[in-house]
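The values are calculated or read from the model by the stated rules, or taken from the named source; none is laboratory data. Since the model is a prediction, treat every value here as computed from it, not as a measurement. FYI the Cβ positions are ideal-geometry reconstructions off the backbone, even for glycines, and counts take in every protein chain you see. For accessibility, only protein heavy atoms count, side chains too; no ligands or nucleic acids. Shrake-Rupley method; radii C 1.70, N 1.55, O 1.52, S 1.80 Å.
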Amino acid sequence: MPKSIFWPIKRAMSDGIVTRASFSKFCFLSGAVNHLSVICSKKIFKKAVDRNRIQRVYKACFTDLITALPTGTYVVVVKRGVTQINWGDQYKEVRNEWLSLIQAF
């Protein structure tokens, strides 16, 4: 990972606002541009197909709600429970998490 991306992520995890949702942990650090990092551990999600699908769902929700979110760096650490939902309902659940994050700000 390039340092230009890594350091804002590390700073958001340590200095930013942290909120917890049912399937993930959101970290936010205000800044000039919107940036999203989704962290799916190989230890939790064994298959790359699952990791990529989860990242695509979180990024799709982020782009849909980008106008309502404050500008900054967002780091999402995904937990185990998200794979227990079927793929059709996963987008709805993740969108609800993003909406709860918007209400927190």
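Data table
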{"item": "Qualifying residue in segment 78-94 (condition: in contact (Cβ under 8 Å) with a residue 24 or more places away in the chain, open to solvent by 60 Å² or more (accessible area, probe 1.4 Å) and of a type in the set (Asp, Glu))", "result": "yes"}
{"item": "Pair list, Cβ under 7 Å, 6 or more apart: segment 56-72 residue surrounded by 12 or more Cβ atoms within 10 Å (Cβ to Cβ), other residue of a type in the set (Lys, Arg)", "result": "Cys61/Arg95"}
{"item": "Strands (runs of 3 or more DSSP E) lying entirely in segment 4-105 (those with 2 or more residues that are modelled with pLDDT of 80 or more and touching a Cys at 6+ places or on another chain (Cβ under 8 Å))", "result": "72-78"}
{"item": "Residue in segment 42-55 that is among the polar types (S, T, N, Q), more than 17 Å from Lys25 (Cα to Cα) and in contact (Cβ under 8 Å) with a residue 24 or more places away in the chain present", "result": "no"}
{"item": "Search result, residues across segment 23-32 that are of a type in the set (A, V, I, L, M, F, W, C) and under 21 Å from Val57 (Cα atoms)", "result": "Phe23, Phe26, Cys27, Phe28"}
